[in-house]
Amino acid sequence: MVIECKHVWAHISGYLDQTLPPEVLEQVQKHLEHCEICSAILDSTRNILILTADERFLNCRLGLVSGCMLGWRRRCGVGT
Ligand SMILES: [Zn+2]
């Protein structure tokens, strides 16, 4: 059975979590071997997971956001 891109997309999170049943995993892997679009989507999804799983990165982003909010509030004279 040949699966289409949309089927692969539905399985991407399971693929990355390694929770797919062996027969589905095999189909997804076969598809990824010849489909550049799905390979690219898989790569970017994996990158996002790595970035969001990295706590230091997340804290850094949160720090940036609250820093910007503080600067913005000062500039607008809010909360002074
Ligand atoms: Zn595909």
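Remarks
- Placing a pseudo-label 7 Å from each Cα along the Cα-to-Cβ vector at Thr52 and Leu16 gives an inter-label distance of 0.7 nm.
- Distribution of pairwise C-alpha distances over the stretch 1-51, 10 Å bins, in %: 27, 60, 13, 0
Every number in this text was worked out from the coordinates using simple rules, so none of it is lab data. All figures in this text were calculated on a predicted structure; none of them were measured in a lab. Neighbour counts are summed over all protein chains in view; Cβ atoms, including those assigned to glycine, are modelled from backbone coordinates with ideal geometry.
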